[in-house]
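**Q** Structure incoming, see below.
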Amino acid sequence: MIVVCALFTPLALFFLIGLLSPSFGIIYLLPFIALAIISLIGSIVVMYLGMSTLFAEIVNDENAGLHEIFRRGWKKILPSLWLSFIFCWIIFGSFFLFIVPALIFCIWFSLCFWVLYSENTGGLKALILSREYIRGHFFGVLWRFIFIELIYILASIAIEVLPTSINLFFDSFFFETLANYIRTFSELVLIALITPLIWIYHFVIYRNLKKSVTEINAVPTTRLKILYLGLPLLGIVVATILFITVAKPFLSNLVSTRVQHEQMDEKTVEDIRVTQFGLEIFRSDEDRYPETLEELFSNPNVQRKDSIPTQYRYRSLEHGQSYELCSTLLTYKDLCVDPSSAKSAIDEIAENLTFPNVPSGQ
């Protein structure tokens with residue numbers, strides 16, 4: 001429960017900052033932000049201390065005072081972090097070797113933290129001892145782990161009944177918020193209650209397996225070091241090669257498509273300039289701008305088009321004394337010009353598109 005409260009405190013502070021930010025300036029929220037960051041760092045320390053303390057208390061049968069319990073847990077924080085790093089490195093790297101090695105390693109090394117706390121043995125040696133304890137009992141351990149996880153899943157489904165029912169029968173913001181709070185609180189309580197039970201369950205498995213083994217050679221040989229530490233590296237290399245192999249055609253196609261879009265937009269930008277030149281010719285002849293582009297290209301002095309591009313959007317403004325001409329580009333935002341902003345707008349778009357062959361606006 002201490003661990004849950006430690007994690008809840010910084011979350012509550014960040015939530016409070018989110019509520020206050022629209023009403024107060026950032027300068028007034030700096031103390032809250034600093035307190036939230038300090039609280040978050042402290043919660044991580046408390047979390048590891050709490051887990052280490054609980055592990056230390058489970059593996060020691062004798063009664064001990066609160067000070068002694070925390071002393072045991074504090075001494076195991078750094079070894080726990082180092083063992084966590086090795087464990088995660090092996091599982092993460094071997095996961096890329098088609099998942100199966102990661103699942104095998106995960107079962108083999110599942111008791112390594114109990115080895116650390118019970119036998120005061122960490123690092124690679126704790127992993128080897130865990131594997132030796134499970135040797136010959138792989139599927140039995142796997143089934144027991146699945147069993148306890150099923151219980152957790154069923155409990156998680158059970159706590160969803162009440163908030164889900166509230167959302168179904170009451171359609172309002174208040175009840176939706178209430179359901180979310182009930183769900184969050186129930187999840188925190190479930191974690192606080194079931195996590196120690198799961199750890200005790202794992203410890204009983206470890207203790208029984210340890211009793212069944214009489215002699216173990218847990219010396220980390222060079223071959224085992226290469227296997228456990230090198231195999232994950234191989235998995236990461238294989239995953240990188242596969243990613244490059246799969247992504248290369250996609251990236252090449254993406255670049256090719258980008259080039260094609262730029263070439264099409266280059267033609268669109270140039271066509272907009274030609275169309276604007278035609279609009280000015282029409283205005284000099286008719287003392288107004290046309291109502292439509294069809295009217296524009298019906299003027300014999302304007303360069304004709306076989307068809308008007310569908311992406312063009314034109315409208316006459318101020319009783320024919322102004323206009324707005326827009327076009328959707330493939331690689332940039334919409335281009336919209338009018339008599340007063342034609343030159344600057346077109347030059348800006350052309351510059352952002354980086355078309356070296358497009359002449360600058362006149």
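**Q** Is it the case that some residue within the range 286-297 is touching a helix residue (DSSP H, G or I) at 6+ places or on another chain (Cβ under 7 Å), under 30 Å from Ser84 (Cβ atoms) and of a type in the set (Phe, Trp, Tyr)?
**A** Looking for residues that are touching a helix residue (DSSP H, G or I) at 6+ places or on another chain (Cβ under 7 Å), under 30 Å from Ser84 (Cβ atoms) and of a type in the set (Phe, Trp, Tyr), one finds none in the range 286-297, hence no.
**Q** Go through the range 182-205 and give me each residue that's farther than 14 Å from Ala158 by Cα and small (Gly, Ala, Ser).
**A** Ala192
**Q** Ok, one more. Give me the pairs: first residue in the range 209-237 and in contact (Cβ under 8 Å) with a residue 40 or more places away in the chain and under 21 Å from Ser110 (Cβ atoms), second residue surrounded by 15 or more Cβ atoms within 10 Å (Cβ to Cβ) and among the charged types (D, E, K, R), beta-carbon distance under 7 Å, and six or more apart or on different chains, which are they?
**A** Matching pairs, first to second residue: Val213/Glu132; Ile216/Glu132; Ala218/Lys125; Ala218/Glu132; Pro220/Lys125.
**Q** Looking at the range 192-208, I want the residues that are over 22 Å from Glu132 (Cα atoms) and have a partner that is small (Gly, Ala, Ser) and assigned to a helix (DSSP H, G or I) with Cβ atoms under 8 Å, at least 6 apart or on another chain. Which pairs are those?
**A** Filtered contacts from the range 192-208: Ile194/Ala155.
**Q** Looking at Ile272, is it of a type in the set (A, V, I, L, M, F, W, C), without any contact (Cβ under 8 Å) to a residue 60 or more places away in the chain and either assigned to a helix (DSSP H, G or I) or touching a Cys at 6+ places or on another chain (Cβ under 9 Å) (or both)? Talk me through it step by step, then tell me what you get.
**A** Details: of a type in the set (A, V, I, L, M, F, W, C): yes; without any contact (Cβ under 8 Å) to a residue 60 or more places away in the chain: no; either assigned to a helix (DSSP H, G or I) or touching a Cys at 6+ places or on another chain (Cβ under 9 Å) (or both): yes.
For Ile272, the condition - of a type in the set (A, V, I, L, M, F, W, C), without any contact (Cβ under 8 Å) to a residue 60 or more places away in the chain and either assigned to a helix (DSSP H, G or I) or touching a Cys at 6+ places or on another chain (Cβ under 9 Å) (or both) - is not met.
**Q** Identify the residue in the range 296-308 that is at pLDDT 80 or above and out of contact with any strand residue (DSSP E or B) (no Cβ under 9 Å at 6 or more places or on another chain) and, among all such residues, is farthest from Asp338 (Cα to Cα). Step through it out loud before you land on a result.
**A** To start, the set of residues in the range 296-308 that are at pLDDT 80 or above comprises 296-300.
Still in the running and out of contact with any strand residue (DSSP E or B) (no Cβ under 9 Å at 6 or more places or on another chain): 297-300.
Numbers: Phe297: 18, Ser298: 21, Asn299: 20, Pro300: 23 Å.
Out of the qualifying residues, it is Pro300.
**Q** Restricting to helices (runs of 4 or more DSSP H) lying wholly in the range 159-240: which have 2 or more residues that are assigned by TED's automatic domain parsing to the domain that holds Phe147 and of a type in the set (A, V, I, L, M, F, W, C)?
**A** Details: elements: 161-169, 173-211, 222-225.
Once the helices (runs of 4 or more DSSP H) in the range 159-240 are filtered for at least 2 residues that are assigned by TED's automatic domain parsing to the domain that holds Phe147 and of a type in the set (A, V, I, L, M, F, W, C), what remains is 161-169, 173-211.
**Q** Also: Can you tell me which condition Arg283 does not meet? The list is (1) at pLDDT 85 or above; (2) assigned to a helix (DSSP H, G or I); (3) under 48 Å from the mean Cα position of the chain (by Cα), and all the others hold.
**A** The failed condition is (3).
The values are calculated or read from the model by the stated rules, or taken from the named source; none is laboratory data. Being a predicted model, the structure only gives us computed values, none of them experimental. Note that each Cβ is placed from the backbone with ideal geometry, even for glycine, and that neighbours are counted across all protein chains shown.
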